[in-house]
Every structure is written in structure tokens, then in C-alpha cells.
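Trainee: Got a structure for you, questions after.
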Amino acid sequence: MKKILLALCTVLSTGLFSQEQVTLNYYLPQDITYDPSIPKPSEIIGHEVGEWHVTHDKLMFYMQTLAEASDRITIENRGTTFEGRPILLLTVTSPKNHSNLEDIRQKHLALSESGSAGTNLETLPIVVYQGFSVHGNEPSGANAGLAYAYYLAAAQGPAIDAMLNNTIILMDPSFNPDGLQRFAYWANTNRSMNLNPDGNEREYHEVWPGGRTNHYWFDINRDWLPVQLPESRARIKTFHNWLPNILTDHHEMGTNSTFFFQPGEPSRVHPLTPKMNQELTAEIGTYHAKALDKIGSLYYSEENYDDYYYGKGSTFPDVVGSVGILFEQASSRGHIQESDNGLLTFPFTIRNQFTAALSTVEAAQNMRTKILDFQRDFYQGQRDEAASSKTKAIIFGDEKDAAKTWHLAEILHRQKIKFHELNQDVTLAGSRYKKGNSYVVPMNQKNHRLIKAMFEKRTTFTDSLFYDISAWTFPLAFNVDYAELTSLANAGPEITDFKPLTGAVSEESNYAYLFEWHEYYGPKALNKILNKGIRAKIAQYPFSMNGISYDYGTVMIPVQNQELNKKELYNFLNEVAKESYLKITAVSTGVTQGIDLGSGDFEAVEKQKVAIIVGEGIRSYDAGEIWHLFDTRYDIKLTKIDTEYLGRTDLSSYTDIIIPGASGGGGLSKSNAEKLKEWVKDGGSLIGYRTTANWFGQQEFLDLKFKKDTLVAKNIPFGKRNDFRGAQVTGGAIFEAKIDRSHPINFGYKNNRIALFRNSNIYLEPEKDSYDNPIQYTASPLLSGYISEENAELIKNSVPFKVSRMGRGRVILFTDNTNFRAFWYGTNKLLMNAIFFGDMM
Ligand SMILES: [Zn+2]
């Protein structure tokens, strides 16, 4: 206690007082000189660091100016965000290293290859990747980057020279440009000239959805493994290009906390992460502690945060021989706020981040050979494991869906994992693998542990608490068939030139065209066809013709009596096939084995007009995932209607309305319920997700029977109450359901089982009539991840899906998130089936 009081006093004596004008000197070490020819941030951006929140435009402008002024810095643009902002990278090192950079990079990469045992580490620089504010409304990191980049460019003396000689710094000034811009706008537009620390001030209460996420409201700090978003694609390329030794990720947390640096919870480290990784993290931590002691800042370590899910920036590096480090600074959110630790100023939060950035490179320099050696050892250990692996390869594929399989291979490609073609069609363990729709991944390769991290299933854990999801098994997320192989007998040539997807129409037809619904981009094709005013019908039963079998849900486009003539239709469908990467087959007769093409069992499908409810009371992540799916994958227009004006919106033109997970039923009122019921009765399809189940139940949209646990905390000490509660959270695990493939909700799925992602504890009793349960969890459904014993009991034979008619419309409920984080390709079709085939249910 005494220590803390003492530390507090130091903060007050060296701290910045609330209304005091901040200067650059507040952040910078004062025992050295700075090159006067290097422009200071305020000279370029028009305000002092910490006086206002830097916008991304200004941040970018300053970094470009610095790169021009300093021979220590080069800058590159690695792509653009969804909103068109550049994704910048600064490479900072000594001018001498700059003139030799490619050679240094090659030597650095060689350390992770065989034959590096004798490499002299004394002459090799260490590579440090520093990234700031991946959550846009955690801005102290990106704002600290201004002062930090200035320091790197302008600091003079032997210490900085030595550091630059020994270190390659990859500086990512803003991990989330769109989010940073959105938050800066909020904080700045609400800033008073007389800074106001009152927590009730609007400045500290951002409007929905806030600046944390990217354009489509994704948490980009969950995308390091699946790499579905442009920001992460740019940075994963940088990562593999350099294999940095340390990667830091600067965040913010609650206003009343202090400063956190890893290692976090010792019991919550992924088992594939070597122990030495955590030991190095702890040793690096001693540098942060020392530096923060010096400026009197409070901090903690080894609590709260974990190192489990490899999709996080501070954890991904741990499975590829690097050391990932998370920083969390108490957030002033705006410019100054009252807190348990006194007045928390924005400059104070920036200074802590700046200090940690500096202590990182100090640790890197002092621990250089040790950390380089760790990296070399990591890859050697991995090579040994890979060479002796009993599993020699993994095969995955979907004989009816080339695009989905391609997208899984695309992730491997981005993660520098090698894979091969399948040499010929083969049936393994009851699954058919088709050449062109399947890939073989050899286990004996460089990123062996990364492959394990992506493909393995885990159901036993040393801890029952998880900061994020506990399972992400990729072949389950994609719902592809996969198997472990004991030889490479099925492997064809390695795919070194990973070609984009293609599509085509087999030939011009005078009668009809067919395509199966299994292909991932089928909904994109159907939407384009219907929007063009072309009639299409959906097969309610399988059939076969010309030796090809067509499954439930096959789309049939007759040639006669369409808006387009025969030639125009062919040309149009060719365009559709190319854009949707699928094969459309021309047929010349209506005779089939099974339902003929003129049968009443081909049902007409209507053009859809879809809206989604967003805004206060709705989970922005879930809404963003759906928006992203429609907008970037399927090119389907989606109208976002805010809960704030839903009540006065004319809904009559919409065929479907989606309610993503509601947060506590929040934004939806009883009058909203009445309005939506009227709309459903007039023929609309209302589709609700996750916690919307509760609202659907309360407002009598559906007759739901929830399975509840009767758990009581027996013999649990007060001090353990959080662990007890936390253990009941299903933070994200994968479960198996059996599906009725003849039900339109399951059209496009070729197996009788499906893997579903679940991060809720809503358990519904099945209906009495079995055909009313087209998707039902099995009696032993856990495939991968953590669930408590009590909840494991509840999920057995429960149902994650309900559909019920109401008037001329229907209400549809999914208790699980089928669109999770843009990489759960395997269940994206369920929502599309609800949209296009709702009328058939
Ligand atoms: Zn964060």
C-alpha cells in the first residue's frame, strides 16, 4: 500500500495538470539532444501531441513528412482500408542498415531455416514490429506514435545510434485507420476549450457503433489468423516478409485501471506456445516496469489478459517463433477524465504508451542475441516435430463447392503454408475428394505449428476462462471434409501459382440452365439473376440428368419467355458465372431422372429486398458481419435501418428484415414488435439472431421453450465468484448438428452433419414433430472448444434454429452466429437460405 501511495505521489509531482498546455518535451527523454532539422509533430499537424486527437489524415501526413526528412525512415503504402485510407508502414533503422536492407532481411529469414545453427548472431539486427491502436477508440497508441516516430528520427547520440544499428523497427502507426479517424472525429468535435473531466460529458460517450472497429464494424484484432480484412492482410504480409522477433500491440482499457503489459494469466497460454516465449515476455516486462517506475506510472502484469486465441495481434506471433506483447493503457477516452487514480489526462496515457514503445526497443537491443537464438531454436524444434509427425498431411475439400475450399486455401497461402493439388479423385473415410476442389497440406514444412493451430480440435483445457474464443478449427469453420493422412500418396504438384477462381457457362442453351446451390457464391449469382428480372426456379428434390446428379436447391433458369433473348441470356449468365466463380450447365431437355424441369417441385424464387436493424441496442459486431457478407461477398444491397427511426419507417417494400443479436433486447420496443408483426403477417420474413430469441419469446413472435440450468454456487468462496461465473460462459466453441437436407434452410449442404459456431448460452427444446427440427444438435455435439459440464448437458439434442409461420409471413430464429468474423464460410449459406427460400418453409 505504501508503495502505491508513493507511486501516486510521484505521478502527481511529475504529472501534467489538467489545464496545463502540453509540450513535446513532456513525452521525450530530456537527457539527449534532438536534430533541429527534423520537423516536430506540431509544425506539421497544427497541434501538440495530446492536445487534440490526431486524425488519420494528419498522422499519415506527419509520417510521410518524417520519412522525407530523415534518412533513418522509409515509408510504404501496403494497401487501402475499406474507406480508402492508406495502410502505412515505416521501416526505421540506421542509414547504413537501410542501404543494405534486403540483405539483412534475407539473413534474418535464413535464421528460421535449416543450416542456421552456425550463424553468428552478434552481427544480426533484431526485428521489432510495433503497432498502434488496432482499436480506433483506444487512441493513446497512435497518438504516441507521433512522438515516438519523431524521437526515432530526431534523437541524437551514441545510444540511439547503437539502437538503430542493432534494430530494424517496423512501425505501423495505425493498425486501424478507419476506426482511428472515426474516434478522432468524435473526441475532437465534443472537446470544450475548458477541458471537462466530468464522466457524464458527451465526449466520453461515443455514439453507436464507436471507433473501436473497422469500417464493417469488425474487431480487427481477431483477424491475425483468418486474415479476411484488408488491414490484417497488409500486416500479415509484412509479418511473413520479416518474421519479426517481437511484435507489440498498444491498446487501452477501462478508465479506472492503470497500465498492463504481458505476460498475462500464466494458466491461459495456448499449449502450442513454448514456455520460453513466456519467459522472454516476462524478461522484456522488466524493462517496461523499470521505465514506468521512472515516470511514476502504476502498472500490472500476469492478470486479466490471456495468450490463447492466435487471432490476436499479441498472441499470433507466439505460434510462429516471435514474441507478441500486449499493452493496455487506462483510457481517458477523450481529453481528460476523472478516475480512481485521479485526473487521467490524454497526454498522460500517450506518455505511458510512448514509454513502453521505448522500453520495448531497449529490451530488444539488450536481449537481441537471446531472442534471435530463441527464434532459431523455435524453428529448429518445429522442424524436428514436423519431420517426426505421424500425420504426414491433411486433405481438405468440398466436392460440390470449389470457392469455399479455395478461400480456405487462400488463408494458407497468406500464412505462407504450402499446399498441393490432389493428384486424383479419391474417397477417404467416406468423404469424396475431387481434384480441383481439394488440397493436400504436408505437415513437414516450415510453419508446422501454425498448421496445427489452424486444423486441430481441442476439447480439454487447463483453465475454464477464456478472454476470447476457445476454438477456431478452420475445416470446421468452412464445413469442408478433411482427414489426416499418413502419407503424401494423394499429393499432386505443390501449388506455387495460386490462381484466382473462375467460372463459366458450359454452352449456349435453347432450353434451360442449371447450377447447384452448393457453391459458395451461388447466392451472389441468384441475386444478380433475379435483379435482372430473369425468372429462376428452385428444385425441391434431387434429380439427375446426363449422368450428373443435382441436389436439393438446384437453380433452374428456363430460356423461353424471359426478358432477355436466347443469346443475351447466355451472355448475361456467362457474366454471372464469371463474377460468382461457378459453373452453369446448359441442358436441352426437360426430361430428368427424378423431378422433370417443368415439375411443380421447381418453385419460383422472388427477388428479395433486405433490411437489417442496426443502432443502439444491437450488437454492432453481429450487424457488421452481416453487412460485410452482403456487401463484399454477395453484392446484395442491404438497407441499414437504425433502431432510432425504425418506428417511423415504412417497411412495406422489404421482403426480409434481419435483427442481429440484440444487446439486452435494448433498442427494440413493444411498438416495434407490433409494427414488425403486422409486416410479417403481410408476408415478410423476419430473421432474428442469438439474443433476439429472448425478445421473440417475450413479444410472442415465437413459442419458445428455453432449457435453463439450475446451477447453484455450492461451496464457492466469495473470492472465486468470478471464476465460477466465468466458467459458465460459452465464449466460442464448435458443435455438431444433424441436418435435414430436404428442408430449404439446409439446401446447398451435402453432408447430413454441420459444424456450428456458438458463443451464447441459449438452449431451445426441440419441437415434437421431427420435421420441424431441420437443424438439431447431436447427443454429443462438442467438436472443439470449451463448454461447461452444465451447459454441455443443456446443448444435447437442443435446436439452434426455429421457423414459424405468422399470417402470410414467417419468423426465423438462429440462436447461433452463422456469420462469425467473416471466416465462418461454412454457415454463411444458412442466412442466404432464410432470405431466398423463406417462402418455401
Ligand atoms: Zn483494445
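The values are calculated or read from the model by the stated rules, or taken from the named source; none is laboratory data. Because the structure is a prediction, the values reported are computed rather than measured. Neighbour counts are summed over all protein chains in view; Cβ atoms, including those assigned to glycine, are modelled from backbone coordinates with ideal geometry. What goes into the accessible areas is simple: the full protein's heavy atoms, side chains included, and nothing from ligands, DNA or RNA. Shrake-Rupley method; radii C 1.70, N 1.55, O 1.52, S 1.80 Å.
Trainee: For the stretch 337-470, what relative contact order do you get, as a whole percent, if you take Cα pairs closer than 8 Å and at least 6 residues apart?
Mentor: Numbers: 114 pairs, mean separation 32.2, N = 134.
It comes to 24 percent, rounded to a whole number.
Trainee: Past the 35 angstrom mark, what percentage of all C-alpha to C-alpha distances in the chain do you count?
Mentor: Values: 186980 of 353220 pairs.
When every Cα pair of the chain is considered, 53 percent fall beyond 35 Å.
Trainee: Considering just Cα atoms, how many Å³ per residue does the convex hull of the stretch 237-380 enclose? Before the final figure, lay out each step's value.
Mentor: Values: hull volume 15.4 nm³, N = 144.
About 107 Å³ per residue, rounded to a whole number.
Trainee: Separate question: Using amide H atoms built in the peptide plane, which far-off residues or other-chain residues are under 5 Å from THR258 H to H?
Mentor: Close amide H contacts, sequence-distant or interchain: ALA330.
Trainee: Using 7 Å Cα-to-Cβ label points, what is the ILE495/ASP635 separation (nm, one decimal)?
Mentor: Spacing of the two 7 Å Cα→Cβ label points: 2.3 nm.
Trainee: Right, next: Can you compute the modelled spin-label distance between GLU568 and SER487, with each label point 7 Å from Cα toward Cβ, in nm?
Mentor: 5.8 nm
Trainee: Grab the alpha carbons of the stretch 713-841, take their convex hull, and tell me the volume per residue in Å³.
Mentor: Values: hull volume 16.8 nm³, N = 129.
Residue-normalised Cα hull volume stands at 130 Å³.
Trainee: Please express the shape of the stretch 146-207 as an equivalent ellipsoid: the semi-axes are the square roots of 5 times the eigenvalues of the C-alpha gyration tensor, given largest first in whole angstrom.
Mentor: Working: eigenvalues 261, 47, 14 Å².
Equivalent ellipsoid semi-axes, largest first: 36, 15, 8 Å.
Trainee: Considering the dipole of the chain built from charges on the beta carbon (Lys and Arg +1, Asp and Glu -1) around the Cα centre, which of PHE354, THR473, SER42 is farthest to its positive end?
Mentor: Farthest towards the positive pole: THR473.
Trainee: Please name whichever of MET163, PRO86, GLY826 sits farthest to the positive end of the charge dipole of the chain, dipole taken about the Cα centre and charges placed at Cβ: Lys and Arg +1, Asp and Glu -1.
Mentor: GLY826
Trainee: Efficiency by 1/(1 + (r/R0)^6): what FRET value for ALA159 and GLU616, r their Cβ-Cβ distance, R0 = 51 Å, to the nearest 0.05? Can you show the working numbers first?
Mentor: Working: r = 51 Å, r/R0 = 1.00.
FRET efficiency, ALA159 to GLU616: 0.50.
Trainee: Quick one: what are the phi-derived ³J(HN,Hα) couplings along the stretch 323-329, Karplus 6.51/-1.76/1.60 with θ = phi - 60°, whole Hz, x for glycine and proline?
Mentor: These are the phi-based 3J(HN,Hα) values: 10, x, 10, 9, 10, 9, 10 Hz.
Trainee: May I ask you to list the GluC sites (Glu not before Pro) in the stretch 302-391 that are in a DSSP loop and have at most 11 other Cβ atoms within 10 Å of their Cβ? Can you show the working numbers first?
Mentor: Working: sites: GLU302, GLU303, GLU328, GLU338, GLU362, GLU385; in loops: GLU302, GLU303.
Sparse-neighbourhood loop GluC sites (Glu not before Pro): GLU303.
Trainee: Related question: Mark the label point 7 Å from the Cα of PHE61 along Cα→Cβ and return the residues of the stretch 27-46 whose backbone N is within less than 16 Å of it.
Mentor: So the set is 39-46.
Trainee: Going 7 Å from the Cα of THR710 in the Cα-to-Cβ direction, what parts of the stretch 766-797 have a backbone nitrogen less than 20 Å from that spot?
Mentor: 766, 788-797, by backbone N distance to the label point.
Trainee: For the stretch 623-630, just list the computed ³J(HN,Hα) in residue order, Karplus coefficients 6.51, -1.76 and 1.60, θ = phi - 60°, integers in Hz, with x standing in for Gly and Pro.
Mentor: For the stretch 623-630, the Karplus-derived couplings read 5, x, 4, 6, 4, 4, 4, 5 Hz, x marking Gly and Pro.
Trainee: Amide H of ILE618: which non-local residues (sequence gap of 5 or more, or other chain) have their own amide H closer than 5 Å, using H built in the peptide plane?
Mentor: HN-HN under 5 Å from ILE618: SER663, GLY667.
Trainee: Continuing with the same structure: What whole-number volume per residue, in cubic angstrom, does the convex hull of the C-alpha atoms of the stretch 219-289 give? Mind dumping the intermediate values first?
Mentor: Numbers: hull volume 9.2 nm³, N = 71.
Roughly 130 Å³ of hull volume per residue.
Trainee: Which value results for Rg/Rh of the stretch 324-456 when Rg is the Cα radius of gyration and Rh the Kirkwood radius based on the inverse mean 1/r? Before the final figure, lay out the partial values.
Mentor: Values: Rg = 23.4 Å, Rh = 19.1 Å.
Taking Rg over the Kirkwood Rh, I get 1.22.
Trainee: While we're here: Taking the Cα centre of each part, how many Å lie between the stretch 381-440 and the stretch 622-638?
Mentor: First find each Cα centre; the distance between them is then 28 Å.
Trainee: Residues with amide H under 5 Å of ILE325's amide H, sequence separation 5 or more or different chain, H placed in the peptide plane at 1.01 Å from N; which?
Mentor: So ILE325 has HN proximity to LEU247, THR248, ASP249.
Trainee: Counting residues in the stretch 527-633 as N, plug N into 2.2 N^0.38 Å and put the Cα Rg over that result. Numbers along the way, then the final one.
Mentor: On the way: Rg = 17.1 Å, N = 107, 2.2 N^0.38 = 13.0 Å.
Here the answer is 1.32, to two decimals.
Trainee: Share of the chain's accessible area from carbon and sulfur, percent, 1.4 Å? All intermediate terms of the calculation are to be shown ahead of the outcome.
Mentor: Values: 15630 of 32080 Å².
Carbon and sulfur atoms account for 49 percent of the accessible area of the chain.
Trainee: I've got another one for you. Extension gain ASN190-LYS796, at 0.36 nm per residue separation less the Cα-Cα distance, in nm? Write out the running numbers ahead of the final one.
Mentor: Working: separation 606, 0.36 × 606 = 218.16 nm, distance 5.05 nm.
Answer, rounded to one decimal: 213.1 nm.
Trainee: When the helix-only estimate is applied to the chain (DSSP H runs of n ≥ 4, each -39,500 (n - 2.57), divided by the residue count), what is the mean residue ellipticity at 222 nm, nearest 500 deg cm²/dmol?
Mentor: Numbers: 23 runs with 258 residues, N = 841.
When only DSSP H runs of four or more count, the value is -9500 deg cm²/dmol.
Trainee: Report ³J(HN,Hα) in whole Hz for each residue of the stretch 602-607, in order, from the Karplus equation J = 6.51 cos²θ - 1.76 cosθ + 1.60 where θ = phi - 60°; Gly and Pro get x.
Mentor: 9, 9, 5, 10, 8, 5
Trainee: Next question. For an R0 of 60 angstrom, estimate the FRET efficiency from the Cβ-Cβ distance between SER742 and GLU279 and round to the nearest 0.05. Provide the component values of the computation, followed by the final result.
Mentor: Numbers: r = 56 Å, r/R0 = 0.94.
Plugging the Cβ-Cβ distance into 1/(1 + (r/R0)^6) gives 0.60.
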